[in-house]
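Notes follow once the structure below has been shown.
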Amino acid sequence: MKLPPVPPNTRRRSSSGRTRPDSGTLKKATTRPSRTRLGRHCLLVLACLASTVNACEDLLIKNGWVRQPPPGIDVTAAYFVLENPGTEAIDITGVTSDAFAQAMFHQTSVMDGRSRMQHLAQIRVNAGSQFVAAPGAFHLMLTGLRGSYQQGEEIEMRLECGRGPALLARLPVRPTEPDERR
Amino acid sequence: MALSSRTGLVILPLVVVVAAFFAGVGVSRYNQSDQAPVEGLLWPDPLVLKDFALTDHTGDKLSPARLRGRWSLIFFGFTHCPDVCPTALEAMSAAQQSLRQDPQFGQTGQTIFISVDPERDSTETLANYVGYFSPEMLGATAPVDELKALTSSLGVLFMKIPGEGTQYTVDHSAGVFFISPDLQLLSVLTPPITKTGLLERFETVSRFYSTHL
């Protein structure tokens with residue numbers, strides 16, 4: 001998967017330089033002076049990768065909801081706040097739901113009065129930060145609605161992070177509030 | 001339907017008549033008589049609707065005659081729009097309920113959703129869609145060539161953007177257009193579209209209209 005642009009509201013903070021405490025590979029790298037330079041470089045790259053890939057279950061999802069789709073329309077959007085209380089960034093690499101054929105992160109932008117949507121292959125929630133999906137801004141576009149859902153019903157979403165258990169969330173269905181905005 | 005070419009990335013040729021829109025949206029203008037700034041007012045020299053012929057969600061013709069003599073709040077979008085369009089239409093529906101108490105908007109004022117995606121938005125689709133937001137909201141569309149007669153007179157832009165397979169989306173002007181009873185475009189409220197924002201803008205624009213026109 002190609003690396004996408006990092007959403008501007010979740011830009012990474014300065015690196016803490018920490019390594020994962022359960023990383024046996026990293027321990028070996030610091031205790032074996034006989035390793036070749038190439039080998040050390042490879043381990044450094046792995047360490048960098050490990051520092052940006054964490055388990056989805058470490059995320060907290062708040063204020064989530066799915067916009068109730070109008071009758072006959074199989075497209076809608078989900079909104080929520082993802083909070084990362086940990087010390088490492090977490091990338092959301094995909095979302096699935098039995099209720100929809102496809103789920104994709106998009107960013108709505110308005111330039112010169114014209115609305116457009118940009119697809120984001122993945123999103124990053126930086127350590128100690130939030131990712132906010134709200135009407136008129138970042139959102140999870142849901143297409144290919146299966147069945148019908150009324151206000152008050154819940155739709156289960158699975159947020160994947162590339163490794164580790166997915167984050168399961170049940171989001172209630174409701175319409176937009178008239179003054180709801182980002 | 002005129003949305004026929006799958007080979008062209010730009011299916012809907014765009015009208016670039018934007019003088020008042022891009023120059024004036026959200027910018028305070030000065031009234032010539034008293035030099036007082038009027039927020040969001042496209043004045044002087046507002047764009048004026050030219051002749052057009054759309055079909056509304058009941059199958060009836062929608063022409064300038066149905067806009068003359070009443071206030072109209074118009075939003076251009078498409079039913080497969082997941083974010084901006086339903087957000088704006090929820091706000092318009094709520095605003096319309098409040099505006100019924102306004103002496104200028106009254107019982108004759110109207111909110112209109114115009115689809116710039118006639119390929120997918122049939123009369124039946126539009127009827128279900130606008131009916132979901134408000135039983136009083138009008139939905140309308142037309143073949144692209146007919147749509148352009150209206151959009152060109154308002155500086156509205158729309159462009160079909162291909163997606164995966166046969167999927168596509170549509171970039172489009174995302175404001176709410178305030179059309180006076182004299183068919184003048186007096187203001188465009190740009191996103192975020194909220195009920196409060198719509199009511200405030202209508203109060204400003206209608207007050208100017210009633211005292212100066």
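Read-outs throughout are calculated quantities, based only on the coordinates presented, and are distinct from any laboratory measurement. Everything numeric here is computed off the predicted structure, so don't read it as measured data. All Cβ positions, even for glycine, are placed from backbone atoms using ideal geometry, and neighbour counts span all protein chains on display.
Would you be able to say whether some residue in segment A:140-149 is closer than 28 Å to B:E124 by Cβ and away from every other protein chain (no Cβ under 14 Å)?
Yes, that holds for at least one residue.
So A:A137 ticks every box in (1) in contact with a helix residue (DSSP H, G or I) (Cβ under 9 Å, 6 or more places away or on another chain); (2) more than 30 Å from B:S93 (Cα to Cα) but one. Which box is left unticked?
All conditions are met except number (2).
Mind listing just one residue for me: the one in segment A:158-182 that is farther than 14 Å from A:N63 by Cα and buried (at least 19 other Cβ atoms within 10 Å of the Cβ) and, of those, nearest to the other protein chains (Cβ to nearest Cβ)?
It comes out as A:P178.
So which of B:V156, B:V130, B:V170 ends up being crowded, with 24+ Cβ neighbours inside 10 Å and in contact with an Asp or Glu (Cβ under 8 Å, 6 or more places away or on another chain)?
Only one candidate passes the filter, namely B:V170.
Conditions tested, residue by residue: (1) in contact with a Lys or Arg (Cβ under 9 Å, 6 or more places away or on another chain); (2) free of Cβ contacts under 8 Å to residues at least 24 places away in the same chain.
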position: A:L120; (1), (2): no, no
position: A:I123; (1), (2): no, no
position: A:A134; (1), (2): yes, no
position: A:M141; (1), (2): no, no
position: A:R146; (1), (2): no, no
position: A:Q151; (1), (2): yes, no
position: A:E154; (1), (2): yes, yes
position: A:A169; (1), (2): yes, no
position: A:P172; (1), (2): no, no
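Within segment A:77-123, can you find the residues that are farther than 27 Å from A:E154 by Cβ, touching a Ser or Thr at 6+ places or on another chain (Cβ under 9 Å) and part of a strand (DSSP E or B)?
Of everything in segment A:77-123, those that are farther than 27 Å from A:E154 by Cβ, touching a Ser or Thr at 6+ places or on another chain (Cβ under 9 Å) and part of a strand (DSSP E or B) turn out to be A:S109, A:V110, A:R114, A:S115, A:R116, A:Q118.
Only one residue in A:F105, A:F131 is buried (at least 20 other Cβ atoms within 10 Å of the Cβ), away from every other protein chain (no Cβ under 14 Å), among the aromatic types (F, W, Y) and closer than 21 Å to A:C161 by Cβ. Which one?
None of the others qualify; the one that does is A:F131.
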